[in-house]
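> Quick one: this structure, given as structure tokens, is what I'll be asking you about.
The values are calculated or read from the model by the stated rules, or taken from the named source; none is laboratory data. Computed from a predicted model, the values in this text were never measured in an experiment. For neighbour counting, all protein chains shown are included, and Cβ atoms are generated from backbone atoms with ideal geometry for every residue, glycine included. For the accessible areas, the whole protein counts, side chains as well, though only heavy atoms, and no ligand, DNA or RNA atoms are used. Shrake-Rupley method; radii C 1.70, N 1.55, O 1.52, S 1.80 Å.
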Amino acid sequence: MTTLLVLGGSGRTGVHVLSQAVERGHRVRALVRNPDAVVAPDGVELVAGTPARIDDIRRAAEGVDAVVSALNNSRASDNPWATPVSPPAFMTDATRDTLTVMTENGIRRIAVASTQGAGDSWPALNPLMKGLIKTSGIRHGYTDHHGVDAVVRASDVEWVMARSVALSDAPSRGTARAALVGTEKPGFSISRADVARFLLDSLEDDTWLRQAPLIWNDR
């Protein structure tokens, strides 16, 4: 049994991380802004706070063995042109502070939810998608994902960044395909449940240690 800290546990991917982690027998702690507003599985400890404050991360990380970050930026709606709600570097700053706390506490492993096109996968992204990103509110999230990529790679911890293709709320397929950018042609989408499974698998398996594979569901 491992004690996990989950960041972003109230989000659409994070809720799957919480439920699957409990099913695997882990002790699970989630740092959330409003515990009363989160419907979490039995066994999940909800800690009130925000990853935007390092002292809140410190409180939540006491006694933790590993971290899963399913953080994402918020917009006013799912419309790609919607106004950003999160601070511009919310994920980058939260991830940097999380890595600092991990070092302070001797926590070695983190699995991070990322996205196709982040970091060095940007050049391989479809030109049409690049155009959409550059001209819409999505660009703010991508700038932040690039920042996360940089701070994670610069750290000394054991990390895996899972770069999802388009996310869906479809039921789990039971597994995810994974490959480094440029080695395989990825599928178009992946269910959030399978992203959660890949993140949790990454805490137990060294296959993708210190790598950032694309992940997708087969067509």
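> State yes or no: is R163 over 22 Å from A52 (Cα atoms) and open to solvent by 30 Å² or more (accessible area, probe 1.4 Å)?
For R163, the condition - over 22 Å from A52 (Cα atoms) and open to solvent by 30 Å² or more (accessible area, probe 1.4 Å) - is not met.
> Tally the residues that are part of a loop (DSSP other than H, G, I, E, B) and open to solvent by 50 Å² or more (accessible area, probe 1.4 Å), restricting the search to the stretch 126-150. Break it down into steps so the answer makes sense when it comes.
Our first condition is that a residue be part of a loop (DSSP other than H, G, I, E, B); within the stretch 126-150, this holds for 126, 136-137.
Add one more test, that the residue is open to solvent by 50 Å² or more (accessible area, probe 1.4 Å), and what stays is 126.
Of the residues in the stretch 126-150, 1 are part of a loop (DSSP other than H, G, I, E, B) and open to solvent by 50 Å² or more (accessible area, probe 1.4 Å).
> Limited to the stretch 43-66, what total is found for residues that are open to solvent by 40 Å² or more (accessible area, probe 1.4 Å) and either assigned to a helix (DSSP H, G or I) or under 25 Å from S168 (Cα atoms) (or both)?
Qualifying residue count for the region: 4.
> Answer yes or no: is there a residue in the stretch 67-83 that is hydroxyl-bearing (S, T, Y), in a loop (DSSP other than H, G, I, E, B) and crowded, with 17+ Cβ neighbours inside 10 Å.
Initial filter on the stretch 67-83 (hydroxyl-bearing (S, T, Y)): 69, 74, 77, 83.
Okay, now just the ones that are also in a loop (DSSP other than H, G, I, E, B), so 74, 77, 83.
Keeping just the survivors that are crowded, with 17+ Cβ neighbours inside 10 Å gives none.
Scanning the stretch 67-83, I find no residue that is hydroxyl-bearing (S, T, Y), in a loop (DSSP other than H, G, I, E, B) and crowded, with 17+ Cβ neighbours inside 10 Å, so the answer is no.
> Now for a different question. Within 19 Å of L71 (Cβ to Cβ), open to solvent by 50 Å² or more (accessible area, probe 1.4 Å) and not in a helix (DSSP H, G or I) - does that describe any residue in the stretch 168-180?
Yes - at least one qualifying residue is present in the stretch 168-180.
> Hey, does the stretch 90-101 have a residue that's farther than 17 Å from H146 by Cα and surrounded by 14 or more Cβ atoms within 10 Å (Cβ to Cβ)?
There is at least one residue in the stretch 90-101 that is farther than 17 Å from H146 by Cα and surrounded by 14 or more Cβ atoms within 10 Å (Cβ to Cβ).
> Go through (1) in contact (Cβ under 8 Å) with a residue 60 or more places away in the chain; (2) closer than 30 Å to I138 by Cβ one by one and return the number of the condition V64 breaks.
Against the list (1) in contact (Cβ under 8 Å) with a residue 60 or more places away in the chain; (2) closer than 30 Å to I138 by Cβ, V64 comes up short only on (2).
> Pairs under 7 Å by beta carbon, first residue modelled with pLDDT of 95 or more in the stretch 97-121, partner charged (D, E, K, R) and open to solvent by 30 Å² or more (accessible area, probe 1.4 Å), six or more apart or different chains?
Once the first residue is modelled with pLDDT of 95 or more and sits in the stretch 97-121, its partners that are charged (D, E, K, R) and open to solvent by 30 Å² or more (accessible area, probe 1.4 Å) give V101/R58; I107/D65; R108/E158; R109/E158.
> I've got another one for you. I need the full set of residues from the stretch 1-58 which are over 15 Å from the mean Cα position of the chain (by Cα) and among the basic types (K, R), in order please.
Within the stretch 1-58, R24, R27, R29, R33, R53, R58 qualify.
> Anything in the stretch 1-30 that is open to solvent by less than 40 Å² (accessible area, probe 1.4 Å), small (G, A, S) and not in a strand (DSSP E or B)? List them, or say none.
Within the stretch 1-30, G8, G9, G11, G14, S19, A21, G25 meet the criteria.
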